[in-house]
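Here the structure is laid out as structure tokens; the discussion comes afterwards.
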Amino acid sequence: MRSPIRIVFEQRNETPKYLSTLVPLISVIAALVAGALFLLATGYSPIDTYTNMLSDGFASSRGITDTLGLSTVLICTGISAAFAFQMNLYNIGGEGQLYLGMIGGAWAGLALGDRLPSFVMIPTVLLLGALAGALWILIPAYVRSRLGTSEIVTTLLLTYVAASLVDHFVYTPGSFFVTKNSAFPQGRLVPDSASLTAFGNTSLYPTFFLVVLVTLTLFWLVKRTEYGYRIQVIADSPRAAHYAGINANRTTLSVMLISGALSGLGGAVLIVGPFGRLDPGITMLGYGYAGIVIAALARNNFSAVIVSGILFAGLRSGGDKLQISTDTPIHIGVMLQGAILLFALGGEAFRRYRIHAVRTERTAQ
Amino acid sequence: MTNTSHEVAKGPHHESGAAPSALSAHSIVKRFPGVLANDSVDFDVLPGEVHTLLGENGAGKSTLAAMLCGLYQPDSGYITRNGERIALSSPRAGLQHGIAMVHQHFRLVERFTVAENVILGSRDLSFRLNRSELEDRVSAVAESFGLPIEPGATVGDLSVGQRQRVEIVKALYQGAEILLLDEPTAVLVPAEVEKLFENVHAMTQAGKSIVFISHKLGEVVEISDRVTVLRNGRVTGHVSGRGTTDTRELARLMVGRDIELTTQRASHATGHEVLQIRDLSLNVGGVSVLSDISFNVHAGEMVGIAGVAGNGQKELAETIAGLTSPTSGSIAITGSMSTDRGPIHARELGLAYVPEDRLGMGLVPSMSILDNLLLTRDRNFVVDRASVEPEAVRLIEQFEIKANGPEHIARKLSGGNAQKVLLARELSGGRSATKLLVVCSPTRGLDVGAIETVRALLNDARSAGQAILLISEDLDEVMSLSDRILVLYRGSIVHETPGESAQLATVGAAMAGLSTEGNA
Ligand SMILES: Nc1ncnc2c1ncn2[C@@H]1O[C@H](COP(=O)(O)OP(=O)(O)O)[C@@H](O)[C@H]1O
Ligand SMILES: [Mg+2]
């Protein structure tokens, strides 16, 4: 007698260690394969495209420094998302907080002008950017911690407001942020004291190392300190937190504020680095959204965020250059980003479940 | 493994010449991730008999029952009904073969009436329900087995015992010939247990078969025609014949060694008042949950709170532990007010609290034993795990916790070991030396070996002069350990009696709300 075969998802008690590395890796490969199919279908050569992307993204000194330069901001938005994720908070408004970071950073640079030396100006710009990012998440953080309102909706909606704010500051005639009497609206450059110089002839700025340092510090904070201990307790068992007298509301609030500040820092990094001004073009780049994918790929492990941030930056900058070197559409990079997210989330199923096929009725005969 | 067809009729207790068993399981194997829940289990029940499945928690009783009623499918092995092989792909298929299960956790719709719940899932309903006719039919079925129920009552208003009756009536209404009762007495007070046993007799008289599941030896001996003992998923023995059954033998089959549950109260001298509760009341959402509770617990004394679940036990414990603010009244620990001052303050005064929900509240499941020990202690900004590690190692040894070391994750501990970690932490003091220990259902869900250990630990703590408030739904436990027993019923203390002279019947009656007098 033949009996039908059924696919069974059996929950794993424990995820084997190798799967934690294997699943993200396979997700990336699967996304590349999906991208290749797409390229083939639209008449481009996947091999050429990927070779170009690889050499433009990683395998040349120009490529690698561009990638590290771009990864600076992506790591910021990546840890921003990851920091909130670890407490099961979904800050998907990193994009908006990033804009605010730019606004805050640019404002600090312009308002303080040339009066202060660089070693005061740079930290001030970065700090104000972070502060502005934190400010942008204050309301979602407050209502989430007090009333339990979903932060997913509130942070996302505020991103649209933030985008309008950027437009407002750039396109309003006589705005503080733009060059006066200029024929077409453009953000004003911050003074030299608020600008860092890139290494040599590259687009890699010293902020990269700062951001890596910040990431490692957060990693330490979570693993080793009382603050991190609380976060772990609340994330795993709010009732145990209550039992132990840990104030979950306050911790929720602070975690979200830090998450916002990290995205804001990403915006300020662009001010002291490559952009130097409030540029409305930022709203087209999606660096904040990319942070969510980076965090998902890193499985919210902070040190892995650095790796996945760099990987992602490589895909992006390699993809962007395709447009220039070949005629492949720029969207292949963006598409790969989406595909990676999909496969990374899909891969979760393999981490959580053991999947096997069984015959519906097995007997001892 | 090969089974030939002639084995089908050969149940483990087949008596030659008798009718085939109503229902049998043959070499059933069921595996869950990491556990072999049933390992080649044979089991059968005859028409009109009570066959008990006895075993500790986790022995695999519920799993076997779930396969007998079609909720789970065996990995291998098969089931026969009246000697014929059947495939039970779902509980509905089980019902079609006249098999129904009353689960440990009831599956009733609280907002529906009794009659509505009973007919829920029946397929032969006409489109328009005639309420009174329906209720009559339900009543008729219930009464024929001596199960008094009120078909028009809303289930949400019923007591646990009454709800169980509704589940049984529902099974009978659906035409069950074989009833699987999964730990039916766990939720009942003594008087209700007696009533249930009467119903069981009425059902077997009518030719129904009962598979009775329990881990309580006393009642098993009382109700069963035959007993099959399970341990770690395997059948360790069959005992047949009522009255001839020796509980020691059953205990040994169940646990795998001789067992002696301490029932004697450690002798001791009681000291000063450690916990003082005055006129404590608590309203939640306008409903009175605790009303006017006053009592003391002295150093070296164990006070037991008896009561059926849901009569305010959890709220009382949480109020004392500083997790809930009372509506009125006061709590003092070692002479200092702790009302409204939070759990950390209460702990600083010497409180330790073992909540009923070990992994949901007392421990953080994803954290190591070491980190869990830190939960109720003072932690510096940089958490100094290295300096706590030796203590963790020592506690693991002292409390005989089966773990790979301080890094063992709490979630992966067995129930008994998780409880030992919790007790180890709470008894060893954190923010200050433990003077008052509030424990809720400390042995619930544990196997007999662990129960023995946990009770011994509580006795030791009392001998060491700690004041203990034992809140438990297990009446035997409260009766055997407490120096003084208070009965909590609908948020009030309705009965108080010294532990030594306490009468099961009196305390049981008070738990059921039948007596509101003071001292017995
Ligand atoms: N649905 C399930 N998934 C995984 N493990 C289970 C499941 N049900 C039971 N188990 C495991 O199978 C074993 C037997 O459980 P159970 O049949 O509930 O025991 P009992 O009813 O005798 O207390 C236990 O180790 C339990 O953890
Ligand atoms: Mg069970």
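Could you run the Debye sum over the Cα atoms of the range B:372-506, one equal point scatterer each and no solvent, and tell me log10 of I(q)/I(0) at q = 0.11, 0.12, 0.13, 0.15 Å⁻¹, two decimals?
Each listed q maps to, in turn, -0.47, -0.55, -0.63, -0.80.
Mind computing the radius of gyration and Dmax over the alpha-carbon atoms of the range B:280-349? Å is fine for both.
Reported Rg and Dmax, both Å: 12.1, 37.
Quick one: putting +1 on the C-beta of Lys and Arg, -1 on the C-beta of Asp and Glu, what dipole do you get for the protein assembly as shown around its Cα centre, in Debye to the nearest 20?
Here the size comes out at about 2240 debye.
Distance check, please: which entries in B:K402/B:K435; B:K170/B:K195; A:K17/B:K412; B:K61/B:K314 exceed 21 angstrom between their Cα atoms?
Cα-Cα > 21 Å for B:K402/B:K435; B:K61/B:K314; rest within.
Determine the order of B:T270, B:T63 by accessible area, beginning with the largest, at a probe radius of 1.4 Å.
If we order B:T270, B:T63 from most to least accessible, we get B:T270, B:T63.
Estimate for me the total accessible surface buried between chains A and B (protein heavy atoms, probe 1.4 Å, no ligands or nucleic acids), in Å² to the nearest 100.
Looking at A and B, the buried total is near 2900 Å².
Magnitude of the Cβ-charge dipole of chain A, K/R +1 and D/E -1, about the Cα centre, nearest 20 debye?
With only Lys, Arg, Asp and Glu charged at Cβ, the dipole is about 1120 debye.
Per residue, how much accessible surface does the protein assembly as shown expose to a 1.4 Å probe? Answer in Å², no decimals.
I get 44 Å² per residue for this part.
If you bin every alpha carbon distance in the range A:242-284 into 10 Å steps from zero, what whole percent lands in each bin?
Calculated P(r), rounded to whole percents: 24, 32, 21, 14, 9.
Using a Förster radius of 25 Å, what is the FRET efficiency between B:R252 and B:A202 based on their Cβ-Cβ separation? Nearest 0.05, please.
It comes to 0.15.
Roughly how crowded by other chains is peptide A:243-250, in terms of the mean Cβ count from those chains within 10 Å of each of its Cβ atoms?
So the per-residue partner count for this stretch is 5.
Arrange the peptides A:290-297, B:54-61 so that the one whose residues have, on average, the most other Cβ atoms within 10 Å appears first.
A:290-297, B:54-61
Which one of B:H298, A:A41, A:Y243 is farthest out on the positive end of the charge dipole of the protein assembly as shown, using unit charges on Cβ (Lys, Arg +1; Asp, Glu -1) and the Cα centre as origin?
Of the options given, the answer is A:A41.
Given a cut-off of under 8 Å on Cα pairs at least six residues apart, what relative contact order in percent is computed for the range B:273-511?
28 percent
Could you calculate the FRET efficiency of A:V307 with A:F209 from 1/(1 + (r/R0)^6), where r is the beta carbon distance between them and R0 is 22 Å, rounded to 0.05?
E between A:V307 and A:F209, to the nearest 0.05, is 0.90.
In chain A, with Lys and Arg counted as +1 and Asp and Glu as -1 at Cβ, which of these residues, A:C76, A:G333, A:P16, has the Cα nearest the positive end of the dipole, that is, farthest along it?
Toward the positive end, the furthest listed residue is A:P16.
Averaging over every viewing direction, what projected area does the convex hull of the Cα atoms of the range B:352-450 cover, in nm²?
Result: a mean projected hull area of 6.1 nm².
Per residue of B:360-368, count partner chain C-beta atoms within 10 Å of its C-beta, then hand back the mean as an integer.
So the per-residue partner count for this stretch is 5.
Given a Förster distance of 22 Å, report the FRET efficiency between A:T51 and A:I26 from their Cβ-Cβ distance, rounded to the nearest 0.05.
The calculated FRET efficiency here is 0.55.
Rounded to two decimals, what is the ratio between the C-alpha radius of gyration of the range A:181-220 and 2.2 N^0.38 Å?
1.75
Enter the angle in degrees (range 0 to 90, nearest 10) between the Cα long axis of helix B:190-205 and the first principal axis of the Cα atoms of chain B, meaning the one along which they spread out most.
Orientation of helix B:190-205: about 10 degrees from the principal axis.
Modelling each spin label as a point 7 Å along the Cα-to-Cβ direction, I'd like the B:A309/B:D136 distance in nm, to one decimal.
3.8 nm
At 1.4 Å probe size, put B:H26, B:H272, B:H201 in order of accessible surface, largest to smallest.
B:H272, B:H201, B:H26
Grab the alpha carbons of the range B:273-511, take their convex hull, and tell me the volume per residue in Å³.
It comes to 119 Å³ per residue, whole-number rounded.
Averaged across the residues of A:232-240, what count of C-beta atoms belonging to other chains lies within 10 Å of each residue's C-beta?
Partner Cβ neighbours, averaged per residue: 6.
Using the Kyte-Doolittle scale, which helices in chain A average at least 1.0 and also have C-alpha atoms spread 27 Å or more along the helix axis, with helices defined as whole DSSP H runs?
A:17-41, A:61-85, A:118-147, A:151-171, A:248-272
Return the distance in nm (one decimal) between the two label points of a simple spin-label model at B:S144 and B:L514, each offset 7 Å from Cα along Cα→Cβ.
2.9 nm
So how long is each side of the range A:71-297 along the principal axes, counting just the alpha-carbon atoms, biggest first, in Å?
Per principal axis, max minus min of the Cα coordinates gives 62, 35, 32 Å.
Starting from the Cα-Cα distance between A:R146 and A:F184, subtract it from 0.36 nm times their residue separation and give me the gain in nm to one decimal.
Working it through step by step, the gained length comes to 9.2 nm.
Evaluate 2.2 N^0.38 Å with N set to the residue count of the range B:180-258, then give the Cα radius of gyration divided by it.
Scaled against compact globular proteins, the figure is 1.11.
Roughly speaking, what % of Cα-Cα pairs in the range B:110-176 are separated by over 14 Å, rounded to a whole number?
Counting every Cα pair in the range B:110-176, those more than 14 Å apart make up 52 percent.
Compute the Rg to Rh ratio over the range A:180-279 from the alpha carbon atoms, using the Kirkwood formula for Rh, and round to two decimal places.
Taking Rg over the Kirkwood Rh, I get 1.19.
Charges at C-beta only: +1 for Lys and Arg, -1 for Asp and Glu. How large is the resulting dipole of the range B:110-176 about its Cα centre, in Debye rounded to 20?
The dipole of the range B:110-176 has a size of about 180 debye.
Working from the pairwise distances between different alpha carbons, so that the mean of 1/r is found and then inverted, what is the protein assembly as shown's Kirkwood radius in Å?
Result for the protein assembly as shown, one decimal place: 32.0 Å.
Measure off 7 Å from each Cα along the Cα-to-Cβ vector at B:A464 and A:V33, then give the distance between these two points in nanometres to one decimal.
It is 5.9 nm.
Any chance you could give the angle, 0 to 90 degrees and rounded to 10, that helix B:385-398 forms with the longest Cα principal axis of chain B?
That helix lies at roughly 60 degrees to the long axis.
Leaving ligands and nucleic acids out of the surface, order A:L322, B:L158 by accessible area at 1.4 Å, largest first.
Ranked list, largest accessible area first: B:L158, A:L322.
Enumerate the residues in the range A:67-84 having an amide nitrogen under 19 Å from the point lying 7 Å beyond the Cα of A:S254 toward its Cβ.
Label zone hits: A:80-84.
At a temperature of 25 °C and a viscosity of 0.890 mPa s, determine how fast chain B diffuses translationally according to Stokes-Einstein, using the Kirkwood radius over alpha-carbon pairs as Rh; express D in µm²/s, rounded to the nearest whole number.
D, rounded to a whole number, is 98 µm²/s.
Over all distinct Cα pairs, what is the inverse of the mean 1/r for the range A:77-163, reported as the Kirkwood hydrodynamic radius in Å?
With all distinct Cα pairs of the range A:77-163 included, I get 13.6 Å.
Give me the percent of accessible area attributable to carbon and sulfur for the protein assembly as shown, probe 1.4 angstrom.
Its accessible area is 56 percent carbon and sulfur atoms.
The values are calculated or read from the model by the stated rules, or taken from the named source; none is laboratory data. What you see is a predicted model; the values in this text were computed from it and never measured. Heads up, the Cβs are rebuilt from the backbone with ideal geometry, glycines too, and the neighbour counts pull from every protein chain shown. All accessible areas refer to the heavy atoms of the entire protein, side chains included, with ligands and DNA or RNA removed. Shrake-Rupley method; radii C 1.70, N 1.55, O 1.52, S 1.80 Å.
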